[in-house]
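The block underneath contains the structure these notes are about, expressed in structure tokens.
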Amino acid sequence: MFVEINFDGLIGPSHNYAGLSLGNVASATNAGTESAPRAAALQGIAKMRHLIGLGLHQGILLPHDRPEVGWLRSLGFTGDDDALCAAAWREDPALLRNAMSASAMWTANAATVSPAPDTADGRCHLSAANLSTMVHRSIEWPETERQLRQIFADERYFAVHAPVPGCFGDEGAANFMRMAAQHGEPGVEIFVYGEQRPGGFPARQHRRASEAVARRHGLDPDRTYFARQSDAAIQAGAFHNDVVAVANERVLFAHAEAFADPAALYDFILAKLPDASIIEVPADRVSLADAIGSYLFNSQLLSLPEGGMALIVPAECRENKAVSGWLDSLPGNSSIRQIHVLDVRESMRNGGGPACLRLRIAVDKAVLPVIDQRYMVDERKCDALERLVERYWPARIKPDDLGMAETWAACRRARGVLFDLLELG
Ligand code: SUG
């Protein structure tokens, strides 16, 4: 019996709006405004708690050490940690802003995951993503890979890979969808890549990176598909496929303008999975702008233990008339039985909805005990995390706070007590 674990990124104490992501409308719109790291992390924990309440398995990935002094040091800044951060802030503040990003919270970008039934050696394969298109994200992978190796250390069941070379941008599971009759059945794996248009927003996923991941994971080429994201979606601000499409087991839920050639993709899916259900939302019901403004497709589509699926949508979906109307018109007999509305506004303001905040791992229930339990979360751990966040996470971060020694100290202290709580040393 297979289950899916959602590993959410615990939102880090340095969460801020530095406007670092070109092509991400929310990041650009909110650049320079004040953030609320404590509220952000509490919203994230409330989402985890909600899923646990639905009877689902929940894990976490942990915030990275910020400011990232090792990276600043490699750029030639010297002295003790505070001295080199101060020098970076003075000489090139953009570098320090990048070194302060809490972007590791969006764990859909941490890795691509092929569950055991899809791979040649019958192990679950994970490839850490290089995130090489954006500076602040390109510094995440060493710590991400370290955490993944710790969590999935048992090589009888898991194979953790280093990222593919950074010359080919890879953004992990945000540009990847797996469909199967059930999590434990052999599935089809769909990689979505972008093509760069001169002067346009960056296409962050390179086809060659996806092909490399598929090869390394030992996927059956006959059940693997590389779909091009539509240029219209990228230029409208869908910097990752998971902003315009989401899949779970036999259901694909996508905007009509998500893919360059949707018909070819749907034909492939239906040829391999005749029972697949494709819920395509037409542009005249929900425009790309409404989809991207509300993050309808950045919902978590989850199989419930009692059968049927739930769609976990961000609160913004209920504030958009077209999107809310579409949700209300979903027929009662559709695969999506329940809609849950959650508030992750602090993350949303940086372009990260419910689906961005989690990495999905489907595993056999029997394999659950070999996963490092320090990274698994239940109600009690949610209580403890909440108490810690309330005490140690900064209430607010203004743009200039990023250059202050007090902010750096607060971030280090918060992460330190978190690692103590989880007994991670
Ligand atoms: O990579 N935002 C993230 C949002 C990632 C969302 N993830 C998925 N769609 N899976 C990004 O653009 C903003 C940081 C800033 O502007 O300070 C940021 O990195």
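Of all residues in the stretch 90-105 being in a helix (DSSP H, G or I) and more than 16 Å from the ligand (Cβ to nearest atom), which is most open to solvent (accessible area, probe 1.4 Å)? Applying the filter and picking the extreme gives ARG90. Among the numbered conditions (1) open to solvent by less than 20 Å² (accessible area, probe 1.4 Å); (2) assigned to a helix (DSSP H, G or I); (3) within 30 Å of SER303 (Cβ to Cβ), the only one that LEU126 does not meet is (2). Hey, can you tell me all the residues within the stretch 71-98 that are farther than 16 Å from ASN16 by Cβ and among the charged types (D, E, K, R)? Within the stretch 71-98, ARG73, ASP80, ASP81, ASP82, ARG90, GLU91, ASP92 meet the criteria. Do we have ASP383 as within 16 Å of the ligand (Cβ to nearest atom), out of contact with any helix residue (DSSP H, G or I) (no Cβ under 7 Å at 6 or more places or on another chain) and free of Cβ contacts under 8 Å to residues at least 24 places away in the same chain here? In short, no. Here the stretch 1-12 is the region considered, the condition is being open to solvent by 10 Å² or more (accessible area, probe 1.4 Å) and not acidic (Asp, Glu), and the residue that is farthest from the ligand (Cβ to nearest atom) is MET1. Annotation note: Cβ proximity below 8 Å between a residue of the stretch 13-38 that is charged (D, E, K, R) and a residue that is open to solvent by 50 Å² or more (accessible area, probe 1.4 Å) and in a loop (DSSP other than H, G, I, E, B) (sequence gap 6+ or interchain) occurs for GLU34/ARG396; GLU34/LYS398.
If the condition is being farther than 30 Å from ALA18 by Cα, open to solvent by 30 Å² or more (accessible area, probe 1.4 Å) and in a loop (DSSP other than H, G, I, E, B), then the stretch 331-371 contributes PRO331, GLY332, ASN333. Can we say VAL188 is away from the ligand (no atom under 15 Å from the Cβ), of a type outside the set (Gly, Ala, Ser) and surrounded by fewer than 24 Cβ atoms within 10 Å (Cβ to Cβ)? Yes.
So, of the residues in the stretch 106-123 that are in contact (Cβ under 8 Å) with a residue 40 or more places away in the chain and of a type in the set (D, E, K, R), which turns out to be most open to solvent (accessible area, probe 1.4 Å)? Restricting to residues being in contact (Cβ under 8 Å) with a residue 40 or more places away in the chain and of a type in the set (D, E, K, R), the top hit is ASP121. Do we have any residue at all in the stretch 68-88 that's buried (at least 17 other Cβ atoms within 10 Å of the Cβ), within 16 Å of LEU357 (Cβ to Cβ) and within 15 Å of the ligand (Cβ to nearest atom)? No, because not a single residue in the stretch 68-88 is buried (at least 17 other Cβ atoms within 10 Å of the Cβ), within 16 Å of LEU357 (Cβ to Cβ) and within 15 Å of the ligand (Cβ to nearest atom). Looking across the stretch 234-288, the residues that are outside any helix (DSSP H, G or I), within 16 Å of the ligand (Cβ to nearest atom) and among the aliphatic types (A, V, I, L, M) come down to ALA238, VAL244, ALA245, VAL246, ALA247, ALA254, ALA258. Here's a check for you: in the stretch 264-309, which residue that is in contact with a Gly (Cβ under 6 Å, 6 or more places away or on another chain) and closer than 21 Å to ASN175 by Cα is surrounded by the most Cβ atoms within 10 Å (Cβ to Cβ)? So, considering only residues that are in contact with a Gly (Cβ under 6 Å, 6 or more places away or on another chain) and closer than 21 Å to ASN175 by Cα, the one surrounded by the most Cβ atoms within 10 Å (Cβ to Cβ) is ASN298. If you go through the stretch 16-30 one residue at a time, do you hit one that is open to solvent by 20 Å² or more (accessible area, probe 1.4 Å), out of contact with any helix residue (DSSP H, G or I) (no Cβ under 6 Å at 6 or more places or on another chain), among the hydroxyl-bearing types (Ser, Thr, Tyr) and within 16 Å of the ligand (Cβ to nearest atom)? So far as the stretch 16-30 goes, yes, one or more of its residues are open to solvent by 20 Å² or more (accessible area, probe 1.4 Å), out of contact with any helix residue (DSSP H, G or I) (no Cβ under 6 Å at 6 or more places or on another chain), among the hydroxyl-bearing types (Ser, Thr, Tyr) and within 16 Å of the ligand (Cβ to nearest atom).
The values are calculated or read from the model by the stated rules, or taken from the named source; none is laboratory data. This is a predicted model, so every value here is computed, not measured. Neighbour counts are summed over all protein chains in view; Cβ atoms, including those assigned to glycine, are modelled from backbone coordinates with ideal geometry. These area figures cover heavy atoms from the full protein model, side chains too; ligands, DNA and RNA do not enter into them. Shrake-Rupley method; radii C 1.70, N 1.55, O 1.52, S 1.80 Å.
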